[in-house]
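One structure is given below, encoded as structure tokens.
The values are calculated or read from the model by the stated rules, or taken from the named source; none is laboratory data. The shown structure was predicted, so the numbers you read here are calculated from the model rather than taken from an experiment. Cβ: placed from backbone, ideal geometry, glycine included. Neighbour counts: every protein chain shown.
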Amino acid sequence: MKTIAHVSDIHFGRVIPDVAEGLLRSLAAMKPDLVVVSGDLTQRARNGQYRAAGAYLKRIPFRKIVVPGNHDVPLYDVTRRFLRPLARYHRYITDDMAPFYQDDEIAVLGINTARSLTFKNGRISLSQAELIRDRFSAVPDNVFKVLVTHHPFLPPPGKKRMPLVGRAETVLRMVESCRLDLLLSGHFHMSYAGGSHSVYRSLARSVLVVQAGTATSSRIRKEANAFNQILIDPARVTLKVNNWNGGGFGVERIEHYTYNSQGGWDLPAVGFVAGPDGALDRKEPGR
Ligand SMILES: [Fe+2]
Ligand SMILES: [Fe+2]
């Protein structure tokens, strides 16, 4: 079994210092095999914000897959936005725009969906779709395949009009032959999960989609700061949503997803929420 810590939207420039330190403590205790950081590392892509984000990521002593988000492209500096949109990302974070990790159990690829031509939304290019297919086609079938983007493939529950990553269905169809298992994204600052079939009905096989909230920033949307712990079995995925409770992160919700013989993911039978005394109470899943 492998453990991925899924951290998103850390937004240096709007970081809550106590929460950022709490996240480091939680990750140190969790000892994940891999930390996925799904974009929006900064608030406005400024030098100081990037410097702080880079220094913070260096304090996470685990293997990482990092992708940029729309906030990591300068918004008001038009010259930089169009000529060198991710120069500071390259300088302070990484040059690798398609980070890839593979072992005997999991293969994880990150791609950049942030674009200079749009302020908020993102998309996947056809050449990136080919890259996804090429990378994962070379991975054995029994290895669990994870794609990381900043922009989401699935809207939050009950909010079907929220803009998703551009070209999503085309890309998912293009890469169907390589049997993706899991999509990890951020951007909406909301924690939820579901199967790709709820949106992309033309796909032969459902892909599990997991969204992370904002881990460390004050840009919360009616939800606490959060990050995901994902345990991969690989026919069974356990998602533990960890919420900030004022003094540290604790498990707020646990969901189990089982891969079924029809080629899709069963939705969770039941979710749990941690009560004030740490007891787990039954709760409607996915909410
Ligand atoms: Fe964000
Ligand atoms: Fe974003």
### Task
Identify, from the list 41, 24, 75, the residue that is more than 14 Å from ligand 2 (Cβ to nearest atom) and more than 30 Å from residue 235 (Cβ to Cβ).
24
### Message
I'd like to verify a number: residues in segment 19-34 that are in contact (Cβ under 8 Å) with a residue 40 or more places away in the chain and within 20 Å of residue 102 (Cβ to Cβ), how many?
### Response
3
### Task
Kindly check whether there is at least one residue in segment 25-42 that is surrounded by fewer than 21 Cβ atoms within 10 Å (Cβ to Cβ) and within 16 Å of ligand 1 (Cβ to nearest atom).
no
### Query
If residue 145 satisfies every condition in (1) more than 18 Å from the chain's Cα centre (by Cα); (2) part of a strand (DSSP E or B) but one, which is the exception?
(1)
### Query
Which pairs do you get when a residue that is under 13 Å from residue 187 (Cα atoms) and aromatic (Phe, Trp, Tyr), found in segment 1-18, comes within reach of a residue that is modelled with pLDDT of 95 or more and within 15 Å of ligand 2 (Cβ to nearest atom), reach meaning Cβ atoms under 9 angstrom, with the pair 6+ apart or on two chains?
none
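Okay, residues lined up against (1) within 16 Å of ligand 1 (Cβ to nearest atom); (2) under 19 Å from the mean Cα position of the chain (by Cα):
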{"site": "72", "(1), (2)": "yes, yes"}
{"site": "75", "(1), (2)": "yes, no"}
{"site": "104", "(1), (2)": "no, no"}
{"site": "163", "(1), (2)": "yes, yes"}
## Note on the structure
Restricted to segment 185-198 and to residues being more than 16 Å from ligand 1 (Cβ to nearest atom) and assigned to a strand (DSSP E or B), the residue modelled with the highest pLDDT is 193
### Output for segment 151-204, where each listed residue is among the hydroxyl-bearing types (Ser, Thr, Tyr) and in contact with an Asp or Glu (Cβ under 8 Å, 6 or more places away or on another chain)
191, 200, 202
### Task
May I ask you to list the residues in segment 63-113 that are outside any strand (DSSP E or B), free of Cβ contacts under 8 Å to residues at least 40 places away in the same chain and of a type in the set (A, V, I, L, M, F, W, C)?
78, 82, 83, 86, 87, 97, 98
### Task
Please work out which residue is farthest from ligand 2 (Cβ to nearest atom), limiting yourself to segment 114-124 and to residues that are under 19 Å from the mean Cα position of the chain (by Cα) and either closer than 26 Å to residue 238 by Cα or in a loop (DSSP other than H, G, I, E, B) (or both).
124
### Query
Can you pull out the residues in segment 66-99 that are among the acidic types (Asp, Glu) and surrounded by fewer than 15 Cβ atoms within 10 Å (Cβ to Cβ)?
95, 96
### Task
Kindly indicate whether residue 149 is within 16 Å of ligand 2 (Cβ to nearest atom), under 30 Å from residue 77 (Cα atoms), among the β-branched types (Val, Ile, Thr) and surrounded by fewer than 17 Cβ atoms within 10 Å (Cβ to Cβ).
no
### Query
Which of the residues that make up segment 1-21 are within 16 Å of ligand 2 (Cβ to nearest atom) and more than 25 Å from residue 233 (Cα to Cα)?
9, 10, 11, 12, 13, 14, 15
### Task
Answer yes or no as to whether residue 130 is over 22 Å from residue 99 (Cβ atoms), over 17 Å from the mean Cα position of the chain (by Cα) and among the acidic types (Asp, Glu).
no
#### Entry: Lone unmet requirement of (1) in contact with an Asp or Glu (Cβ under 8 Å, 6 or more places away or on another chain); (2) of a type outside the set (Asp, Glu); (3) surrounded by 14 or more Cβ atoms within 10 Å (Cβ to Cβ) for residue 1
(3)
### Set 50, 56: member being buried (at least 21 other Cβ atoms within 10 Å of the Cβ) and outside any strand (DSSP E or B)
50
